[in-house]
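Structure, as structure tokens:
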Amino acid sequence: MGSTAFAPAPDAAFGLTTFIEGRRRLFGIAYRILGSPVEAEDVVQDVWLRWQLCDRASVREPMAYLATATTRAAINVLQSARVRHETSFEPLLDGAAATSEEPGADVERAEALERATYLMMERLTPAERTAFVLRVGFDYPYTHIAALIETTEAAARQLVSRARKHLAVATERAVDRSAHQRLFRAFMSAARGGDARRLEIVLTQSSACA
């Protein structure tokens with residue numbers, strides 16, 4: 001009696017193919033956030049396990065789902081006290097203006113920043129977001145931040161401190177997609193062009209509307 005080769009179910013085969021095709025991109029996202037190939041590889045493996053267990057039939061855009069899962073997992077790893085005590089967003093924001101000769105590196109960095117700004121909108125109040133982005137991303141003096149959001153210097157410091165704590169907690173607020181895109185574009189323009197005035201306007205408008 002001849003042996004019959006095992007053939008994976010169509011859904012399993014599709015899931016495997018999708019993950020293999022996007023694996024390099026997922027590793028790149030994790031690496032841009034973590035800065036460690038070993039930790040990035042661990043994140044990709046974790047995402048693979050989650051991908052196997054999730055209801056793939058309900059996922060409309062598999063690569064978008066995997067990229068978001070990778071970003072969240074990498075940020076959670078970096079937020080962990082066993083890795084470091086600083087917020088995961090800080091090295092990412094600090095390196096926003098950097099460019100690389102590696103193919104696709106700048107695109108991957110932009111994707112990671114786009115998702116990071118989205119998570120900031122989910123987890124931070126408008127005032128916290130304003131203080132955190134301007135202080136961490138652009139090294140604004142606390143006095144300048146306080147003047148922009150009409151508060152005291154001490155309160156501005158507290159906002160940044162609270163932002164760091166809140167970024168470590170998976171709180172999900174409803175995020176307006178168009179507002180997120182305005183923030184992301186303004187952030188990238190400020191990081192690459194050196195003029196943060198538009199970013200100030202976008203951030204403070206959201207604070208005023210809160």
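Among the protein heavy atoms of region 8-76, carbon and sulfur supply 58% of the accessible surface, probe 1.4 Å, non-protein parts ignored. For the residues Phe184, Phe27, a 1.4 Å probe over the protein chains yields an accessible-area ranking, largest first, of Phe27, Phe184.
To the nearest 0.05, what FRET efficiency results for Glu21 and Arg72 with a Förster distance of 25 Å applied to their C-beta separation? Calculated value: 0.75. Each part gets one Cα centre, and for region 139-210 versus region 18-36 those centres are 28 Å apart. For region 140-210, the relative contact order comes to 24 percent (Cα pairs under 8 Å, sequence separation of at least 6). Could you please state how large a percent of the accessible area of region 131-210 is carbon and sulfur, counting protein chains only and using a 1.4 Å probe? With neighbouring chains kept in place, the figure for region 131-210 is 48 percent. Normalised per residue, the accessible area of region 114-181 is 47 Å², obtained with a 1.4 Å probe and no contribution from ligands, DNA or RNA. Listed values for region 117-126 are Karplus-derived 3J(HN,Hα) couplings in whole Hz (6.51 cos²θ - 1.76 cosθ + 1.60, θ = phi - 60°), namely 5, 5, 5, 5, 6, 6, 9, 10, 6, x, and x replaces Gly and Pro. Net charge in the neighbourhood of Arg72 (other residues with Cβ under 12 Å of its Cβ; Lys, Arg +1, Asp, Glu -1) is 0. Using every pair of distinct Cα positions in region 121-210, the Kirkwood expression returns a hydrodynamic radius of 13.1 angstrom.
Peptide packing for 114-122, 28-36 was compared via the average number of neighbouring C-beta atoms within 10 Å per residue; ordered from the highest value, the list is 28-36, 114-122.
The values are calculated or read from the model by the stated rules, or taken from the named source; none is laboratory data. The shown structure was predicted, so the numbers you read here are calculated from the model rather than taken from an experiment. Please note: Cβ atoms are built from the backbone with ideal geometry, for glycine as well, and neighbour counts cover all protein chains shown. Ligands, DNA and RNA are stripped out before the accessible areas are found, and what is left, the full protein with its side chains, is counted by its heavy atoms. Shrake-Rupley method; radii C 1.70, N 1.55, O 1.52, S 1.80 Å.
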